[in-house]
1. Restrict the check to segment 55-65 and report whether at least one residue is of a type in the set (A, V, I, L, M), modelled with pLDDT of 95 or more and surrounded by 13 or more Cβ atoms within 10 Å (Cβ to Cβ).
2. Here are the criteria: (1) among the charged types (D, E, K, R); (2) modelled with pLDDT of 85 or more; (3) surrounded by fewer than 16 Cβ atoms within 10 Å (Cβ to Cβ). Tell me which single one GLU231 does not satisfy.
3. Out of segment 324-346, which residues are modelled with pLDDT of 55 or more, under 11 Å from VAL357 (Cα atoms) and either in contact with a Ser or Thr (Cβ under 6 Å, 6 or more places away or on another chain) or among the hydrophobic types (A, V, I, L, M, F, W, C) (or both)?
4. So for segment 160-169 (the condition being modelled with pLDDT under 85, of a type in the set (S, T, N, Q) and in contact with a His (Cβ under 9 Å, 6 or more places away or on another chain)), does at least one residue qualify?
5. Scan GLU295, GLU371 and give me the residue that is out of contact with any helix residue (DSSP H, G or I) (no Cβ under 8 Å at 6 or more places or on another chain) and modelled with pLDDT under 90.
6. Being modelled with pLDDT under 55 and surrounded by 13 or more Cβ atoms within 10 Å (Cβ to Cβ) is the filter here, so list the residues in segment 91-148 that pass it.
7. Any residue at all in segment 177-185 that is closer than 26 Å to ILE126 by Cα and either under 19 Å from the mean Cα position of the chain (by Cα) or modelled with pLDDT under 90 (or both)?
8. Under 9 Å by Cβ, and 6 or more places apart or on different chains, what pairs join a residue from segment 346-360 that is touching a residue at least 40 places away in the same chain (Cβ under 8 Å) with one that is assigned to a helix (DSSP H, G or I) and surrounded by fewer than 17 Cβ atoms within 10 Å (Cβ to Cβ)?
Amino acid sequence: MASSSSWGTRQYSSSVYQPPPPGTTSLSHYPPPNRNNKLNSESLDEPLPEPIPSSPSPSYLSMSSQPSTRLSNPGDARKLIILDLNGTLLYRAPPKSRDLYPRKRGRDPRYIVTRPLRTVYARPYIPSFRKYLFHPETRKWLDVMVWSSAQPHSVEDMVGRVFGKNSGLIAVWARDTLGLNKAAYSSHLHSHSDSGHHRRPYLHSAQTTLLLDDSPLKARLQPWNHFCVPEYSREVWLRDGRVVAPPPPSSSLNEPTPSGFGSAPVESAPSLEAETDGGPKREVNAGRNVDDNGERTPRKYDETILAVIGILDAIKWQSNVAGWMKAKGVFRHNAPVHSLHDLNHLDPNRWFQYRDVRSHWVRRGKKALRELGIEIEAGVTGVLL
């Protein structure tokens with residue numbers, strides 16, 4: 001049955017899509033409107049975001065090619081560290097079932113449905129990291145801000161749980177600062193970080209900025225300002241939880257243990273090391289902690305944060321962060337193997353796969369904490385924060 005409305009003299013069925021009259025603009029690239037797929041005038045009028053560049057700018061490449069020199073005083077070139085949250089500083093548990101969410105009743109505009117906040121678990125050594133970042137000596141040369149693609153209410157919760165309410169952060173940027181249109185803001189599409197955008201309100205540049213994130217893609221516009229860390233995933237979080245529980249006797253390593261957090265069976269995969277053309281040893285598989293003699297060693301918490309502190313302790317003396325990173329500064333420590341080894345083939349985004357490199361930065365991080373009188377505190381109790 002045709003509807004009573006008309007477009008000129010042409011009749012339109014209420015159930016069958018028909019093309020527009022001749023001479024009008026065709027919208028055939030949009031799906032036909034129906035009950036479940038309606039054309040929204042607001043979404044059509046929404047301006048599209050500017051295209052994202054696919055590679056670093058020439059000016060950035062030029063700046064990152066300038067060699068870094070050692071400063072006589074870290075305060076001569078203040079640094080900025082931009083911190084990601086989920087996957088970098090913490091693990092966020094999956095959202096609860098939608099069946100537990102409050103239902104929207106009628107069309108009362110005062111009734112607002114909000115998704116409950118997800119449970120947050122901090123990465124080990126966050127308490128020491130927090131004290132290091134905001135120590136009076138550190139604040140003489142370092143500015144700290146948070147950037148996250150999560151929505152503002154989630155970012156506020158995560159920041160509060162990691163840094164507390166009265167932190168020394170100079171800025172906290174959430175998804176509403178990314179310049180996304182309405183559709184992109186509400187989606188779960190992968191976002192990228194333009195650290196040049198972050199630096200605008202402050203007197204920082206590629207020479208003074210470090211982005212800490214678990215995704216290499218986020219820093220594709222400023223790759224040499226990115227210190228990539230392994231993702232703090234559910235698997236890693238559970239492994240840290242097992243460290244809290246007393247280790248089982250050596251005679252019962254492969255015996256089943258009672259269910260529950262901190263008592264899961266030990267993985268049986270061995271830890272293998274591979275030489276990379278005379279370079280640092282890289283871990284191929286790390287199911288257990290095994291020393292060079294094949295003997296089991298005590299389990300450790302994830303020590304990524306300690307290594308980050310070690311990196312910060314190094315770049316505070318550098319005049320050009322991007323230049324130092326591009327020159328593979330993360331691999332240029334006191335290990336003798338690097339004095340003769342060609343570093344060109346080593347990927348800084350995978351520094352943590354090399355045991356001696358990781359151990360060096362962890363040791364330097366611990367040393368930096370001790371010099372400031374900060375206790376090396378994992379802060380893990382089985383259920384974090």
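The values are calculated or read from the model by the stated rules, or taken from the named source; none is laboratory data. In this text, all values refer to a predicted model and were calculated from it rather than measured experimentally. With ideal geometry, Cβ positions are generated from the backbone for all residues, glycine too; neighbour counts draw on all protein chains shown.
1. no
2. Answer for GLU231: the failing condition is (3).
3. VAL330, PHE331
4. No.
5. When all the criteria are applied, what remains is GLU295.
6. If the condition is that a residue be modelled with pLDDT under 55 and surrounded by 13 or more Cβ atoms within 10 Å (Cβ to Cβ), then TYR101 is the only one that fits.
7. Yes; the residues of segment 177-185 include at least one that is closer than 26 Å to ILE126 by Cα and either under 19 Å from the mean Cα position of the chain (by Cα) or modelled with pLDDT under 90 (or both).
8. Filtered contacts from segment 346-360: ASN349/PRO216; ASP356/VAL337.
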